[in-house]
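We did not get these values from a lab; they are worked out from the coordinates using the rules stated. From a predicted model like this one, the values you see are computed outputs, not experimental measurements. All Cβ positions, even for glycine, are placed from backbone atoms using ideal geometry, and neighbour counts span all protein chains on display.
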Amino acid sequence: MAVLEKIRVKFGLAASIIIALGLLSFIIDPSELVSAFNNMSSRNDVGNIDGKAIPYTDFSESVDRYSRISEIVTGSATHTDAEQEQIRNSAWQSLVDKYLFIKNAKAAGIGVGDEEVVNLTTGDMVSPMISQQPMFLDQDGNFSASKVSEFVQGIPADPSGDMKLFWNWLQTSVYTQAFYEKYYSLFTNSDFQTPLMQKRLISESNTTSDVDFVMVPVGFERDTTIKVSNDEIRAFYNGHKDFFRQVASRDIEYTVFEVKPSESDIAAASENMNNLYEEFKTAENIKSFISRNSETSLSNYWYKSGELIPVNKDIDSFVFGGNSDEVSPIYKDNNIFYAVKVTDTKMIPDSAYVRHILLQGENADKLADSLVTVLAKGENFANLVSEYSDDKNSAYDGELGNIGWLTQNYMIPGFEGVLTADVKKPMSVKTMYGTHVVEVVKKTAPVLKKQVAILSKTALASTETFNDYYSQANKLATLSAGKVENYRKAVDTLGVYSHPMNGITEATSSYGAIDHAKEVTRWAFSNKPGKVSNIITVDNKYFFVVAVNGAHKEGYATLQEVSSQISERLYGDKLREKNADEVAKKIAGLTDLQTIADTLHTTVSNIPALAFSSLQGQSTDPRLAGAASVAPEGKICGPLAGTIGAYVYRVNSRDTGSYFTEEDAKNQKARFENFDVQMLLPVMMQDADVKDNRARFF
């Protein structure tokens, strides 16, 4: 032990672990040691693609690369949660393409040569990935091969490396897309429909049956005479094992303590609001006051009636209710206190139709003034756009320079004044893009709108209240002592509610209405059934105590896990067959459908045009549709054990129409082909046993 301690000090923790495992190998079976190493490694893998482990570090590098590409494309270094998720999806897809799809495509004899890539990037068949990039378009919005060449030639001179990164991404995307197109073409072109197949499909789709039937529904009461044996359950399981594929999941139950403000906390917030309210009514610098005291920022938005309801319906009623007062009373809504002050009132349209001339460069301001003067004298706007504007892409309604309708919610930053500007009066506007000569062509009818300042304060839980809820959660966790049986006793003793939640996966992040609770999921997947957690804090507002009741491994559910499910299915099949047998006994010897209906105490129903290929509504039993399509005309058939009951039926006649045409058959084939193409990669991934463990980390 002294030697181990010296090594630990000299070489650190990592070396200590390696040596400790080495010493352990003298005691335990070597195969178990290998298994332990593999398990430690796999827990740190983001996934496995066709036998290739994807360590977290490798995936993280791919995510960083795609994040940088996104920044280059969008110009923004910040990403929303949805954008970050998209970046991670792109990074994962690139790895699937690299280690699985392209390898399989090449194995199928498909190749994409260097000359082909050159042709797709700068040649005669440029990929849309290249031709639609804004940086490769000329002033008229057309693709320019010379701009691509200029870009590539400039890569060595770029010290940031961004140009090289972006170009490599474009080339890789073009290369990969070419493989997809060829692979998909291989499948779609091999799936051909012969004239005979097409003729049969058209015939079947145009044939309908006029069917009379009597139906005796399956009863809802449990039939204790029907038995399902263990051998039958086992036989079904072995014969239908693919039905029971599953992802790894956990069955849990949890108690959550939500930190809510106490009555004293609410009273304190109310007093604070009352103190601010008097100053709010008389504040001269309302912008400074709101910035210092309100949870709602001051907005320049012009509200119309109804638009303040999402904030607070009482505020909307006050602002647009004809009150003469400038400041509202204090309103309380879900522990939030509000007061509003009307700061301006105008008649403003909802939208304005705008056109512009964008000018860039040193003389932009001077040129803009000149163009405003020229336009005021009657010069044609479109002609000036064509001659001077640096924006040749805006051509709403087909006229160069037209931006179209702008609203408060769809507005170019800096153009806000167009809603109050005069129609047909050109003006100069500066934005981040340059200097614009702007003209409002037309506007919608003006409506009453108001600008408001909103003072809002939320009653928050005090430290004392926070500690009180924490104490409650801690009491449950302490009484549970890490064991499920203790947890259930403690739940009863404390009178709290335990939420059952079965089948959570590593992707689960929400529990009821509580989001961002991935830490709960991570704990559940790191512990065995029977364990109970200590306090897990979410958003500094929710305290969870979690118990693991069951664990389900990825792969096939065990017979024990699905036994009851199979039993119910087999019971249902037997019940339907028994129902049909009982109907058969009751109508034995009867040859008239109405007599059969009377005997069974039911009625005769009719489906006038039942087609095998397209069921006439969800209420039609598919078993009846299939049986009727091949039944002889005029003969009473059945009883048929259908999905919802036993059927005795007669096909009165058949009709062959012409509503399903050759074009319909081709369209149906195209839909099937599209489905096949969409399923190619998922099936390929399933066959390669691809493991996607990203939810474990993100």
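Using the count of nearby Cβ atoms within 10 Å as a rough guide to exposure, how do Ser386, Ser131 rank from fewest to most?
Details: Ser386 13, Ser131 17.
Going from sparsest to densest Cβ surroundings: Ser386, Ser131.
Pairs over the 20 Å Cα-Cα cut-off, from the set Lys475/Lys531; Lys199/Lys666; Lys287/Lys313: Lys287/Lys313.
Report the calculated FRET efficiency for Gln132 and Glu416 (r = Cβ-Cβ distance, R0 = 35 Å), to the nearest 0.05.
Details: r = 31 Å, r/R0 = 0.88.
About 0.70, to the nearest 0.05.
The label point for Asp515 and the one for Ala235, both projected 7 Å from the Cα toward the Cβ, are 5.2 nm apart. Above 23 Å, the calculated P(r) of the stretch 127-236 contains 68 percent of its Cα-Cα pairs.
The fraction of all Cα pairs in the stretch 351-444 landing in successive 5 Å bins from 0 to the largest distance is 3, 15, 28, 28, 20, 6, 1, 0, given as whole percents.
Convex hull of alpha carbon positions in the chain: directionally averaged projected area 51.8 nm². Round to a whole angstrom and tell me the spacing of the C-alpha centers of the stretch 57-119 and the stretch 465-537. Taking the Cα centre of each part, the stretch 57-119 and the stretch 465-537 sit 39 Å apart.
Rg over Rh for the stretch 311-359 works out to 1.23, both radii taken from alpha-carbon positions and Rh defined as the Kirkwood radius.
Per-residue ellipticity at 222 nm from helix content only, as computed over the chain with -39500 (n - 2.57) for each DSSP H run of at least four residues, stands at -14000 deg cm²/dmol.
What does the highest-first list of 86-96, 111-121 look like by mean Cβ count within 10 Å?
Numbers: 86-96: 17.9, 111-121: 14.4.
By packing density, highest mean first, the sequence is 86-96, 111-121.
Here the translational diffusion coefficient of the stretch 222-275 follows from Stokes-Einstein with Rh set to the Kirkwood radius across Cα pairs; for 25 °C and 0.890 mPa s it amounts to 137 µm²/s.
The length gained on full extension between Asp397 and His499, counted as 0.36 nm times the residue separation minus their Cα-Cα distance, comes to 31.1 nm.
Solvent-free Debye calculation, one equal scatterer per alpha-carbon of the stretch 450-509: log10 I(q)/I(0) at 0.22, 0.23 Å⁻¹ equals -0.98, -1.00. Qualifying trypsin sites (Lys or Arg not before Pro) in the stretch 362-434, where qualification requires a DSSP coil assignment and no more than 16 other C-beta atoms within 10 Å, comprise Lys377, Lys424. Inverting the pair-averaged 1/r between distinct Cα atoms of the stretch 108-190 gives 13.9 Å as its Kirkwood hydrodynamic radius. Take the convex hull of the alpha carbons in the stretch 242-354; its mean projected area over all directions comes to 15.4 nm².
Under the √(5λ) rule applied to the eigenvalues of the Cα gyration tensor, what semi-axes describe the equivalent ellipsoid of the stretch 171-244? Give them in Å, descending.
On the way: eigenvalues 417, 177, 33 Å².
One finds semi-axes of 46, 30, 13 Å for the stretch 171-244.
What number, in nm² with one decimal, is the all-direction average of the projected area of the convex hull of the alpha-carbon atoms of the stretch 41-126? Write down the numbers at each step before the final one.
Numbers: hull surface 31.0 nm².
The orientation-averaged projected area of the Cα hull of the stretch 41-126 comes to 7.8 nm².
Bridging of Lys424 to aspartates and glutamates at a Cα separation below 14 Å is possible for Glu379, Glu439, once same-chain residues fewer than 8 apart are set aside. For the residue pairs Lys483/Lys541; Lys281/Lys449; Lys260/Lys304, alpha carbon separations beyond 31 Å are given by Lys260/Lys304.
Could you tell me the convex hull volume per residue, in Å³, taken over the Cα atoms of the stretch 367-508?
Values: hull volume 41.4 nm³, N = 142.
It comes to 292 Å³ per residue, whole-number rounded.
Residue separation times 0.36 nm, minus the C-alpha to C-alpha distance between Leu448 and Asn44: what's the value? Write down the numbers at each step before the final one.
On the way: separation 404, 0.36 × 404 = 145.44 nm, distance 5.98 nm.
Length gained, Leu448 through Asn44: 139.5 nm.
Between the stretch 127-176 and the stretch 281-357, how many Å separate their Cα centres? Distance between centres, Cα-based: 47 Å.
Spin-label model, Gln360 to Glu582: label points 7 Å out along the Cα-to-beta-carbon direction sit 8.1 nm apart. With the simple spin-label model, which puts each label point 7 Å out from Cα in the Cβ direction, the Asp333 to Thr407 separation comes to 2.1 nm.
Treating each Cα of the stretch 588-698 as an identical point scatterer and summing with the Debye formula, the log10 of I(q)/I(0) at q = 0.15, 0.23 Å⁻¹ comes to -0.81, -1.31.
Would you mind checking the stretch 404-418 for residues with the amide N under 20 Å from a putative spin-label position 7 Å along Cα→C-beta of Ser299? Residues passing the 20 Å test: 406-418. Residues in the stretch 197-210 carry Karplus couplings, in order, of 5, 5, 5, 5, 4, 5, 5, 5, 6, 9, 9, 10, 10, 8 Hz; the curve used is 6.51 cos²θ - 1.76 cosθ + 1.60 with θ = phi - 60°, and Gly or Pro positions show x.
For a Förster distance of 56 Å, can you work out the FRET efficiency between the beta-carbons of Ser288 and Ser370, rounded to the nearest 0.05? Mind showing how you got there, number by number?
On the way: r = 40 Å, r/R0 = 0.72.
Plugging the Cβ-Cβ distance into 1/(1 + (r/R0)^6) gives 0.90.
Rounded to the nearest 0.05, the FRET efficiency derived from the C-beta distance between Val247 and Gln93 at R0 = 22 Å is 0.70.
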